[in-house]
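Enquirer: Would you mind keeping the following structure in view while I ask a few things?
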Amino acid sequence: MADLIRGKHVKEALVILSFLPNLGAKLIEKVLKSAVANAKQNYKLGDDKLYVSEIYIDGATSLKRIHPRAKGSAFPILKRQSHITIYVEEASSGTKSPS
């Protein structure tokens, strides 16, 4: 899903993400809206010229849990997490706004 919006304008990326049925698309949409709000508030960038310059999703720490099994044995459960990072830029400017 990250590849679908990389390099696209913010409005187009939000439309694409709103029509995808995956849970990951909703999470990326939330982070993208946060990045746009940060760019408008902190860097005074106009939201009509913003585009997604970089987006990457990295793995985070995994929560390790144990599920009891038969005859006193145990089965490990890994609850995986991730970090979503989106950079937006203005089309004419070189200023980056991370979120």
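The values are calculated or read from the model by the stated rules, or taken from the named source; none is laboratory data. The structure displayed is predicted, hence computed values, not measured ones. Because the Cβ atoms are built from the backbone with ideal geometry, glycine has one as well, and the counts that use them run over all protein chains shown. The accessibility values were calculated without ligands, DNA or RNA, using every heavy atom of the protein model including side chains. Shrake-Rupley method; radii C 1.70, N 1.55, O 1.52, S 1.80 Å.
Enquirer: Quickly work out the MET1-to-VAL15 label distance, labels modelled 7 Å from Cα along the C-beta direction, and quote it in nm with one decimal.
Expert: 1.9
Enquirer: Once neighbouring chains are kept in place and the probe is 1.4 Å, which whole percent of the accessible area of the chain is contributed by carbon and sulfur? Walk me through the numbers on the way to the answer.
Expert: Working: 3650 of 6680 Å².
Carbon and sulfur atoms account for 55 percent of the accessible area of the chain.
Enquirer: Rounded to the nearest 500, what is the 222 nm mean residue ellipticity of the chain from helices alone, with -39500 (n - 2.57) per DSSP H run of 4+ residues and division by all residues?
Expert: On the way: 3 runs with 34 residues, N = 99.
Mean residue ellipticity, 222 nm, calculated: -10500 deg cm²/dmol.
Enquirer: Next question, about the same structure. Aspartates and glutamates near LYS49 by alpha-carbon distance under 19 Å, same-chain residues fewer than 8 away left out - which ones?
Expert: The reachable aspartates and glutamates, counting only those whose Cα sits under 19 Å from LYS49, are GLU12, GLU29, GLU89, GLU90.
Enquirer: Only Cα pairs under 8 Å and at least 6 apart count here; give the relative contact order of the chain as a rounded whole percent.
Expert: Values: 159 pairs, mean separation 29.2, N = 99.
Dividing the mean separation by the residue count of the chain yields 30 percent.
Enquirer: Mind scanning LYS8/LYS30; LYS11/LYS44; LYS8/LYS40; LYS8/LYS33; LYS11/LYS33; LYS33/LYS79 and naming the pairs with a C-alpha gap bigger than 21 Å?
Expert: Details: LYS8/LYS30 16 Å; LYS11/LYS44 18 Å; LYS8/LYS40 18 Å; LYS8/LYS33 14 Å; LYS11/LYS33 10 Å; LYS33/LYS79 26 Å.
Where the Cα-Cα span goes over 21 Å, the pairs concerned are LYS33/LYS79.
Enquirer: Which ³J(HN,Hα) values, rounded to whole Hz and listed in residue order, are derived for segment 13-27 from phi using the Karplus coefficients 6.51, -1.76 and 1.60 in 6.51 cos²θ - 1.76 cosθ + 1.60 with θ = phi - 60°, glycine and proline given as x?
Expert: 5, 5, 5, 4, 5, 5, 9, 7, x, 6, 5, x, 5, 5, 5
Enquirer: Spin-label point model (7 Å from Cα, Cβ direction): what's the LEU27 to SER62 distance in nm?
Expert: 1.5
Enquirer: Can you give the three extents of the C-alpha atoms in the chain along their principal axes, from longest to shortest, in whole Å?
Expert: For the chain, the Cα spread along each principal axis is 65, 26, 19 Å.
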